[in-house]
Number of protein chains: 2
Amino acid sequence: MNNETNIEPYKAVGILDSGVGGLTVVREFFHQLPYESIVYFGDTARMPYGPRQHDEVRRFALEIIEFLQTQEVKLVVVACNSATAAGLPYYREQLDIPVIGVIEPGVRAAVEATQNGRIGVIGTTGTISSGAYERDIRKLDTSVQIFSVACPLLVLIVENNLVKTPEALRVTEEYLSPLKEEEVDTVILGCTHYPLMTDLIREVMGDKVNLISSAEEIAREAKEIFTFEGLLRPLNPVKVNHRFFVSGKPSIFEEIGQRFLGKPVKAYQVIF
Amino acid sequence: MNNETNIEPYKAVGILDSGVGGLTVVREFFHQLPYESIVYFGDTARMPYGPRQHDEVRRFALEIIEFLQTQEVKLVVVACNSATAAGLPYYREQLDIPVIGVIEPGVRAAVEATQNGRIGVIGTTGTISSGAYERDIRKLDTSVQIFSVACPLLVLIVENNLVKTPEALRVTEEYLSPLKEEEVDTVILGCTHYPLMTDLIREVMGDKVNLISSAEEIAREAKEIFTFEGLLRPLNPVKVNHRFFVSGKPSIFEEIGQRFLGKPVKAYQVIF
């Protein structure tokens, strides 16, 4: 037996986002991979990334990835649409560990799930107008018909804890009506905030439509990578150690984080 | 064979100080334990600790220790006289990993080294007036004679890169003359800055006097603890991963850090 200890499986999962949205990915890791330690970085001082130039967003993402590497990570999840679109291949080139973006996992799951070849995509205005989901779907299947809808209010509804209000139902019905008319059988929740309003979207779209959560698919893909590469953390009694860092003030992040994760979140502010 | 992987030896060494002084301890770890990863926290936004109340300093130290624990440490070094004096037993009580203070290791080495039972102690005004070194020496050997001298200018001389100036020689001669008159055979460098002016102190005190560096003794004690507890990091090719955090602006710390360590230092600002 090789007497070198393989500590790689014990390293953490690094997750970056411009804000709080990526916490739904954290939640999925807690659910699907409860023995993995998470290091989260929310660039709350510089969010939103949407309106920024690609090269600026790429620079921010690389700064954060450099910080995540000080935390001994075995995987980086870019849980942010803008940062994924701005340079996923570029981050992969810079790192010798796997990097998962926020778009591919959901796209793969949606293309597999659809029966009638009609897929809906909902996301922020920035994500939808970037055409990133359509491009990635086309790469896998050119025959699929794609119907995209920008839903700018939904992030605000989630962050302000308004999901269970009548207004939220009305707004969601309004946004999703084109997808119902087009009879899509699969909807990609193309924004990390949306898993927090799955019940509402389900209510509007009905039971027969596949709802694809990027967060869920990312965690599933991580699990596959870890299994395949021998990086799955053993279940032995080494304590997990989650860490949350933000570039802005921690207080709002901690408050929303507690709501997203269902337990208290302690965050440290880090300035580069 | 137990198939649980023991990852404890791969954890980092956490070192905290109010500022840059503890970097001489880092330097000794680099020298004596080059395979260990270091996590350093310099509380530069709240230094100096000297003039603060003990309970406030203890609260600061505990905040930093809590942060260091997010970094997976197997040992905490309190490389700060004020923080050590303010609550070393208290930190030990709170943690289930070893904690080394800045005073005991030097004291033990000095008591072992002295032949004539005459020990000099130099330090900042705060350290000397606290009587902490005298108390700790007395605990080990009540017969030793102790001569303490406060040397307030020496920290400034080191931080401002003035060690090789004629003024520095004159000031040091002035400070050390009482110790020469008393014919001490051992001098404890009771401040983490002083290892950076060992040559000058050596020049003034002469070759026959034992100079005890706390930094050196701390690293030696860490090595003993790691050896005894099976925590010594194996020499296999897992990259070391040093990390530097400060509570103030990183730029001055990085500049002085480079001088202290002889290589570039990248520091992140962390705000609690």
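The values are calculated or read from the model by the stated rules, or taken from the named source; none is laboratory data. The shown structure was predicted, so the numbers you read here are calculated from the model rather than taken from an experiment. Note: ideal-geometry Cβ built from the backbone for every residue, glycine included; neighbour counts use all protein chains shown. The area values use the complete protein model at the heavy-atom level, side chains included, leaving out ligands, DNA and RNA. Shrake-Rupley method; radii C 1.70, N 1.55, O 1.52, S 1.80 Å.
List the residues of the stretch A:152-187 whose backbone N lies under 14 Å from a point placed 7 Å from the Cα of A:Lys208 along the Cα-to-Cβ direction.
What the label zone holds, given the 14 Å backbone N cut-off, is A:180-186.
Hey, could you get me the Stokes-Einstein D for the stretch B:208-262, Kirkwood radius over alpha-carbon pairs, 37 °C and 0.692 mPa s, rounded to whole µm² s⁻¹?
The estimated diffusion coefficient comes to 225 µm²/s.
Given a Förster distance of 25 Å, report the FRET efficiency between B:Ala45 and A:Ala45 from their Cβ-Cβ distance, rounded to the nearest 0.05.
In this case the efficiency is close to 0.90.
What does the charge count around A:Glu229 come to, taking other residues whose C-beta lies under 13 Å from its C-beta (Lys +1, Arg +1, Asp -1, Glu -1)?
0
From the gyration tensor of the Cα coordinates in the protein assembly as shown, what semi-axes in whole Å does the equivalent ellipsoid have, largest first, with each one equal to sqrt(5λ)?
Equivalent ellipsoid of the protein assembly as shown: 56, 22, 19 Å, largest first.
Take the eigenvalues of the Cα gyration tensor for the stretch B:131-219, scale each by 5, and report the square roots as semi-axes in whole Å, largest first.
Over the Cα atoms of the stretch B:131-219, the ellipsoid semi-axes are 22, 15, 12 Å.
How many Å² of accessible surface get buried when B and A come together, counting both sides, probe radius 1.4 Å, rounded to the nearest 100?
The B and A chains share an interface burying roughly 2400 Å².
Along Cα→Cβ at 7 Å, what distances in nm separate the A:Ile271 label point from those on the other copies, shortest first?
Here the equivalent label points are 0.6 nm apart from this one.
Residues of A:63-69, mean number of Cβ from any other protein chain within 10 Å of their own Cβ, rounded to a whole number?
Per residue, the number of nearby Cβ atoms from other chains is 1 on average.
Near B:Val187, within a Cβ-to-Cβ distance under 12 Å, what is the net charge of the other residues, with Lys and Arg +1 and Asp and Glu -1?
My count for the surroundings of B:Val187 gives +1.
Convert each backbone phi in the stretch B:44-51 into a coupling constant with the Karplus relation 6.51 cos²θ - 1.76 cosθ + 1.60 (shift: θ = phi - 60°), then list the ³J(HN,Hα) values in order as whole Hz, x for Gly and Pro.
Rounded to whole hertz, the list is 5, 6, 10, 6, x, 7, x, x.
Out of B:Gly117, B:Ser214, B:Phe147, whose Cα points farthest toward the positive end of the dipole of the stretch B:104-214 (charges: +1 Lys, Arg; -1 Asp, Glu; placed on Cβ)?
Comparing the listed Cα positions along the dipole, B:Ser214 ranks first.
Check A:Val246: other-chain or 5+ apart residues with amide H under 5 Å from its amide H, H built from backbone geometry?
Here the answer is A:Gly42, A:Tyr268, A:Gln269, A:Val270, since their amide H atoms fall under 5 Å of that of A:Val246.
So if each residue of separation counts as 0.36 nm, and I subtract the Cα-Cα distance between B:Glu183 and B:Glu66, what length gain in nm does that give?
Gain in length upon complete extension: 37.7 nm.
Run through the other copies and list how far each one's label point is from that of A:Gln258, in nm with one decimal, shortest first; the point sits 7 Å from Cα along Cα-Cβ.
Those separations, rounded to one decimal, come out as 4.3 nm.
How big is the antiparallel share of DSSP beta bridges in the protein assembly as shown, given as a percent to the nearest 5?
5
Just name one of B:Val163, B:Leu176, B:Gly131: the one whose Cα is farthest towards the positive end of the charge dipole of the stretch B:104-214 (beta-carbon charges, Lys/Arg +1, Asp/Glu -1).
Projecting each Cα onto the dipole axis, the largest value belongs to B:Gly131.
State, as an integer percentage, the relative contact order of chain B based on alpha-carbon contacts under 8 Å between residues 6 or more apart.
Relative contact order for chain B comes out at 26 percent.
Subtracting the Cα-Cα distance from 0.36 nm times the residue separation, let me have the gained length for A:Ile271 to A:Asn160 in nm, one decimal.
Result for the pair: 37.3 nm of gain on full extension.
What FRET efficiency comes out for the pair B:Ile252/A:Tyr35, r = Cβ-Cβ distance, R0 = 45 Å, nearest 0.05?
After rounding to 0.05, the efficiency reads 0.65.
Determine how large the accessible area of B:Phe244 is when every protein chain is in place; take a 1.4 Å probe and give Å² rounded to the nearest 10.
Taking all protein chains as shown, B:Phe244 has close to 20 Å².
Can you give me the long-range amide H partners of A:Leu75? Hydrogens built in the peptide plane at 1.01 Å from N, cutoff under 5 Å, separation of 5 or more residues or another chain.
HN-HN under 5 Å from A:Leu75: A:Gly14.
Taking N as the number of residues in chain A, what value does Rg over Cα atoms divided by 2.2 N^0.38 Å take?
After normalising by residue count via 2.2 N^0.38 Å, the value is 0.99.
Once neighbouring chains are kept in place and the probe is 1.4 Å, which whole percent of the accessible area of the protein assembly as shown is contributed by carbon and sulfur?
Carbon and sulfur: 50 percent of the exposed surface of the protein assembly as shown.
Working out 0.36 nm times the residue gap between A:Lys263 and A:Asn116, then minus their Cα-Cα distance, what length gain in nm do you get to one decimal?
Residue separation times 0.36 nm, minus the Cα-Cα distance, leaves 48.9 nm.
For B:Ser129 paired with A:Gln94, estimate the spin-label separation in nm (one decimal), with each label point 7 Å from Cα along the Cα-to-Cβ line.
Label-label distance for B:Ser129 and A:Gln94, simple model: 4.9 nm.
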